[in-house]
Amino acid sequence: PRSTLFPYTTLFRSLKTAPSAAQRISLLEAHFLATIDRHWKNDHYTQLVRDSIGLYETTAMIPNTNQLAEKLFTTSKTINRYFHRTVGLPPKRFFSLIRARAALTSYLTARNDFSPDAFGYYDQSHFHKAVRQFTGRSLSCPS
């Protein structure tokens, strides 16, 4: 009965009896990871954000927040609120980071076959501007 009233009693007891600091750190890490994992699975905020990201990636990274909201049967204001709460960024900024990272990875993998259109960029200069915003550096132009 006491362990149900005080769920951390077992953790505290284990921390007090652990012979080394490394083992105490390991116990705390395991506890916090389990707590975070349990929280993320049950949190409706996180689930909507995950669904939004999944939908964004499966639709060729094209839809904006309004289009995502429509497909998820919610409002863009709700998506913005959930992203701010879960990720700490607005969805537009988050999705632009995902798109820039995917495009840059593709560009670095196969420069000759790279097409900025495949990632929703209008042209090469639009892609270069996104890379500059994402990395803080310019791409070196091939001669």
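The values are calculated or read from the model by the stated rules, or taken from the named source; none is laboratory data. Here the structure is a predicted model, which means the values were calculated and not measured. Glycine gets a Cβ as well: all are built from the backbone with ideal geometry, and neighbour counts include every protein chain shown. For accessibility, only protein heavy atoms count, side chains too; no ligands or nucleic acids. Shrake-Rupley method; radii C 1.70, N 1.55, O 1.52, S 1.80 Å.
Ranked by accessible surface with a 1.4 Å probe, highest first, in what order do T135, T46 come?
In descending accessible area the options line up as T135, T46.
Within the P(r) computed for the range 29-143, what percentage of the Cα pairs occupies the region above 24 Å? Kindly include the intermediate steps, with their values, before the conclusion.
Details: 2528 of 6555 pairs.
For the range 29-143, the share of Cα pairs beyond 24 Å comes to 39 percent.
When the accessible area of the range 20-102 is split by element with a 1.4 Å probe, what percent falls to carbon and sulfur?
That fraction is 57 percent.
Within a Cβ distance under 15 Å of L15, other residues only, what is the Lys/Arg minus Asp/Glu net charge?
+2
Per residue, how large is the accessible surface of the range 12-143? Use a 1.4 angstrom probe and give square angstrom.
70
Can you give me the Kirkwood hydrodynamic radius for the range 63-123, using every pair of distinct Cα atoms, in Å to one decimal? Mind dumping the intermediate values first?
Working: mean 1/r = 0.0775 Å⁻¹.
Kirkwood radius, the range 63-123: 12.9 Å.
Could you tell me which residue out of S76, T105, T59 lies farthest along the dipole of the chain toward its positive end? Charges go on the beta carbon: Lys and Arg +1, Asp and Glu -1, centred on the Cα centre.
Positive-most Cα among the choices belongs to S76.
How high is the relative contact order of the chain, in percent, counting Cα pairs under 8 Å that sit 6 or more residues apart?
Numbers: 89 pairs, mean separation 21.0, N = 143.
Dividing the mean separation by the residue count of the chain yields 15 percent.
Near E57, within a Cβ-to-Cβ distance under 12 Å, what is the net charge of the other residues, with Lys and Arg +1 and Asp and Glu -1?
Details: positive: R50, R99, R101; negative: D51.
It works out to a net charge of +2.
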